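Enquirer: Handing you a structure now.
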Amino acid sequence: MRRTVFNEDHEAFRDTIRAFIEAEVAPVYEAWEDAGHPPRDFYNKLGEIGVFGIQVPEEYGGAGETSFKYQAVISEECARAGVGFGGYGVHVNLVLPYLLKYGSEEQKKRWLPPFVSGEMMTAIAMTEPGTGSDLAGMQTTAKRDGDHYVLNGAKTFITGGVLADRVLVVARTSPATPENRRAGLSILAVDTKSDGYAVGRKLEKIGLRSSDTAELSFTDVRVPVEDLLGEEGRGFEYLTHNLAEERLGIATSSYASAAAAVEFARRYVQDRTVFGKTVSSFQNTKFVLAECATEVEAARSLVDRCIEALDAGELTPADAAVCKLFCTEVQARVVDKCLQLHGGYGYILEYPIARLYADARVTRIYGGTSEVLKTIIAKDIQV
């Protein structure tokens, strides 16, 4: 079906990203996976082609675009090529909205130009060992000491944590109250060169192996008060404001992954022969691909509607939960079926379908597990 969500500018941008991937990413991607992250200068290359600054206002060196559609194009092109951009997604889709909405003018002038150029890579540190999704139970503390906060604690599952230059750390600046366990949380933009800041293990994951994920620890890290993001004690409130865009980003990449899986399988079954016939000639193959293509089309339609709603400021957290839940479940089913059509070769990592399969599993976990999303949706429909 003809898509109407993208215009000529978006398609020209798509051409740029596709050419960039073919020249700068695809030939070396296997080495990135072995290393666990891209080389640091790759992010400078992304900065040079303007990828980090699309949604940054012009006065800070960006393009001043407000639409999410350019980020959707990048997700689609990465999936199409079976690659990733390392910590790009967290840098742009998670951290940037916080800087734009809650950063002071002084902070924006200080942080956004190097953010756009790739000179300053960022990450966000919420999850702690033993707390998982229960942010109100976090133990990391930041105690005021004159014109600094003194930060102590640990975080885990921090995407981009190995190479980040500045990390938004969520910490408890005052005790929770009996009435509200979520009170007293604040967000500090911590310079990773600070004394007492340490990167622990680089975690070995099933998939997304070109994206570094790390443990972090803080031992009496002194953070200037001017690096507090927004107001003290309002951290939990801030964390909820970007959930719709974050979940739509995951849904978009999940749909794109499913679409790419269908294309990889379609090409493979046309070339592979069994019993003297191409795999594509068997009725089972045709039916499986037809089922997968139908699910992908449904996911695409939902994603496109939600992108338009987000750009219009109308995407609700419940809408985004529906989109992420549906698209990640579609991704799981479609990628699995397409791997099966590859036979034994589908289990070999040199085939992109194998990477898609490994990468797909986490999308039903991060950004809100499928179970949490079902709870949100049920509440929205008043069940």
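Enquirer: Give me the one-decimal nm value for the distance between modelled label points at LYS202 and ARG267, 7 Å along each residue's Cα-to-Cβ direction.
Expert: 2.8 nm
Enquirer: Same structure again: List the GluC sites (Glu not before Pro) within region 147-243 that fall in a DSSP loop (any state other than H, G, I, E or B) and whose Cβ has at most 15 other Cβ atoms within 10 Å.
Expert: In loop regions of region 147-243 (DSSP not H, G, I, E or B), the sparsely surrounded GluC sites (Glu not before Pro) are GLU179, GLU204, GLU231.
Enquirer: Same structure, new question: Which cross-chain or sequence-distant (5 or more) residues have an amide H under 5 Å from the amide H of LEU208, H modelled 1.01 Å from N in plane?
Expert: ASP359
Enquirer: Quick one: Debye curve from the alpha-carbon atoms of region 161-282 only, equal weights, vacuum; give me log10 I(q)/I(0) at q = 0.23 Å⁻¹ to two decimals.
Expert: Log10 I(q)/I(0), no solvent term: -1.26.
Enquirer: A further question on this structure: Per the Cauchy relation, a quarter of the hull surface: what is the mean projected area of the convex hull of the alpha carbons in the chain, in nm²?
Expert: Its average projected convex-hull area is 20.1 nm².
Enquirer: So what J values fall out for region 124-131 if you push phi through Karplus, 6.51 cos²θ - 1.76 cosθ + 1.60 with θ = phi - 60°, rounded to Hz, Gly and Pro as x?
Expert: Computed from phi, the couplings for region 124-131 are 10, 10, 10, 5, 10, x, x, 10 Hz.
Enquirer: Quick check for me: using +1 on Lys/Arg Cβ and -1 on Asp/Glu Cβ, what's the dipole size of the chain about its Cα centre, in debye to the nearest 20?
Expert: For the chain, the charge dipole is close to 1200 debye.
Enquirer: Once label points are set 7 Å from the Cα along Cα→Cβ at both GLU48 and VAL28, what is their separation, rounded to one decimal in nm?
Expert: About 1.0 nm, to one decimal.
Enquirer: Shifting gears a bit: Round to the nearest 10 and report in Å² the accessible area of ARG181, as given by a 1.4 Å probe over the protein chains' heavy atoms.
Expert: Here the residue's solvent-accessible area equals roughly 130 Å².
Enquirer: Also: For the chain, with all protein chains present and a 1.4 Å probe, just round the carbon and sulfur fraction of the accessible area to a whole percent.
Expert: The nonpolar share, carbon plus sulfur, comes to 52 percent.
Enquirer: Could you report the chain's accessible area per residue, 1.4 Å probe, as an integer in Å²?
Expert: Value returned for the chain: 46 Å² of accessible area per residue.
Enquirer: Ignoring ligands and nucleic acids, what accessible area does TYR345 show with a 1.4 Å probe (Å², nearest 10)?
Expert: Surface accessible to solvent at TYR345 totals approximately 100 Å².
Enquirer: Per 5 Å bin, what percent of the C-alpha pairs of region 17-105 does each bin hold, from zero upward?
Expert: 3, 12, 24, 26, 17, 10, 6, 2, 0
Enquirer: For the chain, what does -39500 (n - 2.57) per DSSP helix run (n ≥ 4), summed and divided by total residues, give at 222 nm, in deg cm²/dmol to the nearest 500?
Expert: Helix contribution divided over all residues of the chain: -14500 deg cm²/dmol.
Enquirer: What's the extension gain from ALA290 to THR4 if we count 0.36 nm per residue and subtract their Cα-Cα distance?
Expert: 100.7 nm
Enquirer: Ordered by residue, what ³J(HN,Hα) values in Hz, to whole numbers, does region 84-98 give under the Karplus form 6.51 cos²θ - 1.76 cosθ + 1.60, where θ = phi - 60° and Gly and Pro are x?
Expert: With coefficients 6.51, -1.76 and 1.60, one gets x, 10, x, x, 3, x, 5, 4, 8, 8, 9, 6, 3, x, 5 Hz.
Enquirer: Here's another thing I want to ask about it. Starting at the first residue of region 135-141, write each ³J(HN,Hα) from the Karplus equation 6.51 cos²θ - 1.76 cosθ + 1.60 with θ = phi - 60°, in whole Hz, x for Gly and Pro.
Expert: 4, 5, x, 5, 10, 5, 10
Enquirer: Can I ask one more? Please name whichever of ILE376, LEU310, GLY103 sits farthest to the positive end of the charge dipole of the chain, dipole taken about the Cα centre and charges placed at Cβ: Lys and Arg +1, Asp and Glu -1.
Expert: The residue sitting farthest along the positive end of the dipole is ILE376.
Enquirer: Further, regarding this structure: If you take the beta carbon distance between SER301 and ASP15 as r and set R0 to 30 Å, what does 1/(1 + (r/R0)^6) give as a FRET efficiency, to the nearest 0.05?
Expert: With R0 = 30 Å, the Cβ-Cβ based efficiency is 0.80.
Enquirer: Which of the listed residues, PHE326, TYR357, GLY346, is farthest toward the dipole's positive end in region 323-363, when Lys, Arg count +1 and Asp, Glu count -1 at the beta-carbon?
Expert: Farthest along the dipole direction, towards plus: PHE326.
Enquirer: On to the next question. Taking the DSSP beta bridges in the chain as the whole, what percent of them are antiparallel, to the nearest 5?
Expert: Taking every DSSP beta bridge with both residues in the chain, the antiparallel ones total about 85 percent.
Enquirer: Rank-order 107-118, 329-340 by packing density, defined as the average count of other C-beta atoms within 10 Å over each peptide's residues, highest first.
Expert: 329-340, 107-118
Enquirer: May I ask you to rank ILE206, ILE381 by accessible area, largest first, using a 1.4 Å probe over the protein chains only?
Expert: Listed by decreasing accessible area, they come as ILE206, ILE381.
Enquirer: Which distance in nm do the two modelled labels at ARG182 and GLU59 give, with both placed 7 Å along the Cα-to-Cβ direction?
Expert: 3.2 nm
Enquirer: Here's something else I'd like to know. Looking at region 239-342, which chymotrypsin sites (Phe, Trp or Tyr not before Pro) are in a loop (DSSP not H, G, I, E or B) and have at most 11 other Cβ atoms within 10 Å?
Expert: The qualifying sites are PHE275.
The values are calculated or read from the model by the stated rules, or taken from the named source; none is laboratory data. Remember, it's a predicted structure, so these values are computed and weren't measured experimentally. Cβ sites come from the backbone with ideal geometry, for glycine too, and all protein chains shown count toward neighbours. Side chains included, ligands, DNA and RNA excluded: accessible areas come from the protein's heavy atoms. Shrake-Rupley method; radii C 1.70, N 1.55, O 1.52, S 1.80 Å.
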